[in-house]
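Heads up: the structure comes next, in structure tokens.
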Amino acid sequence: QVQLVESGGGLVQPGESLKLSCAASGRLFTIYYMAWHRQAPGQEREFVAGVRRSGATEYADSVKGRFTISTDSTWNTVYLQMSSLKPGDTAVYFCAAFGNGATSWGQGTQVTVSP
């Protein structure tokens with residue numbers, strides 16, 4: 001089992017940057033893919049960005065070129081660097097770890113982009 005704890009959310013103005021962190025613990029060797037998802041009020045949870053053990057990354061079209069996902073060398077922490085933030089990026093951001101038929105989720109961190 002894998003435990004995930006997100007941090008780094010907050011209130012920022014449009015155009016500003018924010019970096020989210022997700023600390024992972026537990027059976028990290030089972031993880032083959034980590035991702036960030038987000039859920040805005042009244043909306044379904046949606047994929048934002050993902051990274052594989054190989055280092056390959058993928059992004060939702062809405063954040064491509066503005067967000068960057070990365071991990072440390074031991075996969076203890078996954079980051080989401082967010083730049084040029086827009087009000088439409090306002091949501092609760094969740095970290096997810098995929099491995100051996102199981103998916104683990106963090107509790108989420110709120111990101112609010114407002115003038």
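The values are calculated or read from the model by the stated rules, or taken from the named source; none is laboratory data. Worth saying up front: this structure is predicted, and the values here are computed from it rather than measured. Counting neighbours? That spans all protein chains shown, and the Cβs are built from the backbone with ideal geometry, glycine included. Please note that ligands, DNA and RNA were not included when accessible areas were found on the heavy atoms of the full protein model with its side chains. Shrake-Rupley method; radii C 1.70, N 1.55, O 1.52, S 1.80 Å.
Rounded to the nearest whole Å², what accessible area per residue is found for region 4-115 with the 1.4 Å probe?
50 Å²
Run the accessible area of region 1-70 with a 1.4 Å probe and give the carbon-and-sulfur part as a rounded percent.
48 percent
With θ set to phi - 60° and the Karplus curve 6.51 cos²θ - 1.76 cosθ + 1.60, what are the ³J(HN,Hα) couplings of region 12-17 in order, to the nearest whole Hz, using x for Gly and Pro?
Residue by residue, region 12-17 yields 9, 8, x, x, 7, 10 Hz.
Could you tell me which GluC sites (Glu not before Pro) in region 37-115 are loop residues by DSSP with no more than 14 other beta carbons within 10 angstrom of their beta carbon?
Glu44
Roughly how much of Ile31 is accessible, in Å² to the nearest 10, using a 1.4 Å probe?
In the full protein context, Ile31 sits at about 10 Å².
Using θ = phi - 60° and the Karplus form 6.51 cos²θ - 1.76 cosθ + 1.60, what ³J(HN,Hα) does each residue of region 23-37 get, whole Hz, x for Gly and Pro?
8, 10, 8, x, 7, 5, 5, 7, 7, 10, 8, 10, 8, 10, 10
From the phi of every residue in region 94-106, what ³J(HN,Hα) in whole Hz does the Karplus formula 6.51 cos²θ - 1.76 cosθ + 1.60 yield, where θ is phi - 60° and glycine or proline is x?
10, 9, 9, 10, 10, x, 6, x, 10, 10, 10, 10, x
Put +1 on the Cβ of every Lys and Arg and -1 on every Asp and Glu Cβ in the chain; which of Thr74, Gln13, Thr90 then has its Cα farthest towards the positive end of the dipole?
Positive-end residue among those listed: Thr74.
Would you mind working out the magnitude of the charge dipole of the chain relative to its Cα centre, with +1 at each Lys and Arg C-beta and -1 at each Asp and Glu C-beta, to the nearest 20 Debye?
180 debye
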